[in-house]
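The values are calculated or read from the model by the stated rules, or taken from the named source; none is laboratory data. Just so it is clear, the model here is predicted, and its values are computed rather than measured. FYI the Cβ positions are ideal-geometry reconstructions off the backbone, even for glycines, and counts take in every protein chain you see.
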Amino acid sequence: MDLFEQTARERKSPVNILHGTDWWTDCDDVAALRLLLNAHRSGAVRLLAIGINSVMEYSAPSVSAFCEYSGVSVPIGVDKSAVRDGGKCRYQKLLSGFPHPVGSNSDCPDAWRLYRKVLSELDGKADIIDVGFPQIIMELLKSPPDGSSPLTGTQLVREKVGRIWLMAGKWDVPDGLEYNLSAYPVCAEAGDYICRNCPVPITFIGYEVGQDVITGADVPGNDPLKQAFTAHGSASGRSSWDPLTALTAILQDESAAGFETVRGFARVDPKTGKNNFTPDPLGPHAYVKRLHPAEWYAGRINELL
């Protein structure tokens, strides 16, 4: 019995998850999604929707194909304002060669609209994970009432979201600077807005946590996950920022994931994306600090991939 099967047995019902990913140039997004799909199949979570927050030509088809390969069909939304011309598309076209029901990005709804629809129809609450650029969450919070719900986005999140888990920030130094909060102006804007306006708790998994946790080297060569890693140039493994975020959210417990939690108030500069943190045991935000060597985390992730 693996960790996800054990977790499923201990829970009365699966944890509902909405998952945001930049699914762009790096391959740790693919490993994070594999963990979520495996946890879904084990019954530990229910993966209700995927929002792509950095869009290239084959983004939605390749996400769809990767899910279908795992035997899971998941609704996909895209941020249609986040078409990225920069960066090299290293694995999306390759993955889209596997069977998939989504023909193109244009077949998908706006991600924030999909989130609104899924949350409004949900009996209970869901957690949101985002391992990429955070603007979909900002758009959700800012969204007005619509045909899915008479609630504003902030009201809907307060009523229907339990927690938010973000791979974002660098929290081991003052004025930390990390890509997901600084790559584009909208990233810094979204980070600032979310910290100031989100009505539910947020846990940040920072850059410093996953940088030297290298995973994915032992995945079989015929697995599309391995093919994505190889196309990225990471056949011998990749840093595990996104898989660590996904795993912590799946477990729903930072300590069970091997972390110490620092609670308080996070701030993101809306112009630069630099992050800072004021400790406060009653604060709505948290970042994590590792309790174990990198190999401990890598071993757990590799077993679950």
Quiz item: Among the residues of the stretch 237-251, is there at least one that is more than 20 Å from Pro284 (Cα to Cα), assigned to a strand (DSSP E or B), at pLDDT 95 or above and touching a Cys at 6+ places or on another chain (Cβ under 8 Å)?
Solution: yes
Quiz item: Do you know which of the residues in the stretch 90-137 that are touching a residue at least 60 places away in the same chain (Cβ under 8 Å) and acidic (Asp, Glu) is farthest from Ala231 (Cα to Cα)?
Solution: Asp127
Quiz item: Residues that are closer than 28 Å to Leu251 by Cα and out of contact with any helix residue (DSSP H, G or I) (no Cβ under 6 Å at 6 or more places or on another chain): which strands (runs of 3 or more DSSP E) entirely in the stretch 2-112 hold 3 or more of them?
Solution: 15-21
Practice problem: Mind telling me which of the residues Gly162, Gly169 ends up being touching a Lys or Arg at 6+ places or on another chain (Cβ under 7 Å) and not acidic (Asp, Glu)? | Solution: Gly162
Practice problem: Just give me the residues in the stretch 16-47 being surrounded by fewer than 22 Cβ atoms within 10 Å (Cβ to Cβ) and over 23 Å from Ala228 (Cα atoms), in sequence order. | Solution: Ser42, Gly43, Arg46
Practice problem: Examine the stretch 254-263 for a residue that is touching a Pro at 6+ places or on another chain (Cβ under 8 Å) and farther than 28 Å from His40 by Cβ, and state whether such a residue exists. | Solution: yes
Quiz item: What residue, of Gly233, Gly221, Gly216, is on the phi > 0 side of the Ramachandran plot and surrounded by fewer than 21 Cβ atoms within 10 Å (Cβ to Cβ)?
Solution: Gly233
Quiz item: Take the residues of the stretch 54-69 that are polar (S, T, N, Q) and modelled with pLDDT under 95: which is surrounded by the most Cβ atoms within 10 Å (Cβ to Cβ)?
Solution: Ser59
Practice problem: Scan the stretch 86-138 for residues that are more than 28 Å from Asp223 (Cβ to Cβ), of a type in the set (S, T, N, Q) and surrounded by 17 or more Cβ atoms within 10 Å (Cβ to Cβ) and report the count. | Solution: 1
